[in-house]
Amino acid sequence: MNHELFTRRLQAALGKDLPGTDVQWEMASSDRMIKNFPRKKSSDSKLAGILILLYPVDDTTYTLFIQRPEYNGVHSGQISFPGGKEEKGDPSITDTAIRETCEEIGICGEELIILGTLTPLFIPVSNIEVTPVVASCKKRPHIKPDRQEVVSVIEARLSYFFKDDIVKEKPMAVRGEKLDVKYYDYEGHIIWGATAMILHELLVVMEKEGILIG
């Protein structure tokens, strides 16, 4: 399936009922389960938007992740989709995701075709509800990372995430605790937490609709 047909079918699928929070939580780490973390935001929660960018490379659809720098915060050093918190001037959460992606990796609105959104995911440790925005580029974009916000960019072949042995689990030290972490192993890159939960819903949408890619 070429990239144009893939994105048309995915856009149609995103307009239907989504798998939702229960499917996202299939990739949750042990602390969410043990501590019975809430699944919905509260009145004082902040909002954020992230961008799942899909684009063709040699007739194969890719997405990308960024690795954040080490800092004194809950998401220090993690691999994630580009994105960030809503700002007062943002017209919508989709605009938040686009603005943050432009700032972080230099891919801006004029290059993007918005396909839809996945289920918003509440992240209790940061008290933020994240809306995943799915977008497409007609060709491989020129990536210009902001080195203050992005350590590296990982371009990932989307079909790789359907491999049988892609999901793994291991104990990890996180915020001073030892957690059992379920993660996607992309060529040695550990994609876990909220990013893995969001990615999992996207993959389930594709499977449910029979959207196959090369």
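Being assigned to a strand (DSSP E or B) and either touching a Phe, Trp or Tyr at 6+ places or on another chain (Cβ under 6 Å) or of a type in the set (Lys, Arg) (or both) is the filter; apply it to the stretch 187-214 and report the residue that is surrounded by the fewest Cβ atoms within 10 Å (Cβ to Cβ).
Of the stretch 187-214, the ones assigned to a strand (DSSP E or B) are 189-192.
Now restrict to residues that are either touching a Phe, Trp or Tyr at 6+ places or on another chain (Cβ under 6 Å) or of a type in the set (Lys, Arg) (or both): 190-192.
Values: ILE190: 16, ILE191: 22, TRP192: 23.
Only one residue fits best here, namely ILE190.
Provide a single number: the residues in the stretch 2-57 that are in a helix (DSSP H, G or I) and of a type in the set (Phe, Trp, Tyr). Spell out the reasoning first.
Our first condition is that a residue be in a helix (DSSP H, G or I); within the stretch 2-57, this holds for 3-14, 21-27, 30-34.
When the remaining residues are screened for being of a type in the set (Phe, Trp, Tyr), the result is 6, 25.
So the count comes out to 2.
Checking GLU177 against (1) exposed (fewer than 14 other Cβ atoms within 10 Å of the Cβ); (2) modelled with pLDDT of 95 or more, only one condition comes out false. Which one?
Single failed check for GLU177: (2).
How many residues, within the stretch 26-46, are surrounded by fewer than 16 Cβ atoms within 10 Å (Cβ to Cβ) and hydrophobic (A, V, I, L, M, F, W, C)?
At the first step, the residues of the stretch 26-46 found to be surrounded by fewer than 16 Cβ atoms within 10 Å (Cβ to Cβ) are 26, 33-40, 42-44, 46.
Now narrow it down to the ones that are hydrophobic (A, V, I, L, M, F, W, C): 33-34, 37.
Matching residues across the stretch 26-46 total 3.
Does the stretch 200-211 hold any residues that are touching a residue at least 40 places away in the same chain (Cβ under 8 Å), more than 13 Å from ARG157 (Cα to Cα) and not charged (D, E, K, R), and which are they?
HIS200, LEU202, VAL204, VAL205, MET206, ILE211
Scan the stretch 34-67 for residues that are out of contact with any helix residue (DSSP H, G or I) (no Cβ under 9 Å at 6 or more places or on another chain), at pLDDT 80 or above and within 15 Å of SER126 (Cβ to Cβ) and jot them down.
Within the stretch 34-67, PRO38, LYS41, SER42, ASP44, SER45, LYS46 qualify.
Check THR131, THR94, THR101 and return the single one that is modelled with pLDDT of 95 or more, closer than 30 Å to ASN36 by Cβ, touching a strand residue (DSSP E or B) at 6+ places or on another chain (Cβ under 7 Å) and surrounded by 16 or more Cβ atoms within 10 Å (Cβ to Cβ).
On the way: THR94 fails: closer than 30 Å to ASN36 by Cβ; THR101 fails: closer than 30 Å to ASN36 by Cβ.
Just a single option satisfies the conditions, and that option is THR131.
Determine the pairs where a residue that is under 15 Å from LEU51 (Cα atoms), located within the stretch 133-150, has a partner that is of a type in the set (S, T, N, Q) with Cβ atoms under 6 Å apart, the partner being 6 or more residues away or on another chain.
Listed by first residue and then by second, the contacts come to VAL133/THR94; VAL133/THR117; SER136/THR7.
Only one of these is buried (at least 19 other Cβ atoms within 10 Å of the Cβ) and within 28 Å of GLY15 (Cα to Cα): TYR160, TYR184. Name it.
Details: TYR160 fails: buried (at least 19 other Cβ atoms within 10 Å of the Cβ).
Going through TYR160, TYR184 in turn, just one is buried (at least 19 other Cβ atoms within 10 Å of the Cβ) and within 28 Å of GLY15 (Cα to Cα): TYR184.
Of the residues in the stretch 156-184, how many are in a strand (DSSP E or B) and either out of contact with any strand residue (DSSP E or B) (no Cβ under 8 Å at 6 or more places or on another chain) or farther than 22 Å from THR21 by Cα (or both)? Step through it out loud before you land on a result.
At the first step, the residues of the stretch 156-184 found to be in a strand (DSSP E or B) are 156-157, 167-174, 177-184.
So of that shortlist, the ones also either out of contact with any strand residue (DSSP E or B) (no Cβ under 8 Å at 6 or more places or on another chain) or farther than 22 Å from THR21 by Cα (or both) come out as 156-157, 170-174, 177-178.
Result for the stretch 156-184: 9.
Looking at the stretch 58-68, which of its residues are assigned to a strand (DSSP E or B) and either basic (Lys, Arg) or touching a Pro at 6+ places or on another chain (Cβ under 9 Å) (or both)? Talk me through it step by step, then tell me what you get.
Narrowing the stretch 58-68 to residues assigned to a strand (DSSP E or B): 60-67.
Within the stretch 58-68, TYR62, LEU64, PHE65, ILE66 qualify.
Quick check on the stretch 127-141: of everything there that is among the hydrophobic types (A, V, I, L, M, F, W, C) and part of a strand (DSSP E or B), which residue is farthest from GLY20 (Cα to Cα)?
At the first step, the residues of the stretch 127-141 found to be among the hydrophobic types (A, V, I, L, M, F, W, C) are 128, 130, 133-135, 137.
Those left that are additionally part of a strand (DSSP E or B): 128, 130, 133-135.
Numbers: ILE128: 17, VAL130: 13, VAL133: 14, VAL134: 15, ALA135: 19 Å.
Within the stretch 127-141, the match that is farthest from GLY20 (Cα to Cα) is ALA135.
If you take the residues in the stretch 115-125 that are farther than 21 Å from VAL151 by Cβ and under 15 Å from the mean Cα position of the chain (by Cα), which one is surrounded by the most Cβ atoms within 10 Å (Cβ to Cβ)?
Step by step, filter the stretch 115-125, then rank; the result is LEU118.
Quick one: LYS144 ticks every box in (1) assigned to a loop (DSSP other than H, G, I, E, B); (2) charged (D, E, K, R); (3) touching a Phe, Trp or Tyr at 6+ places or on another chain (Cβ under 9 Å) except a single one, so which number is it?
Single failed check for LYS144: (3).
The values are calculated or read from the model by the stated rules, or taken from the named source; none is laboratory data. Remember, predicted model here, so these are calculated numbers, not experimental data. Here the Cβ is made from the backbone with ideal geometry for all residues, glycine too, and neighbour counts use every protein chain on show.
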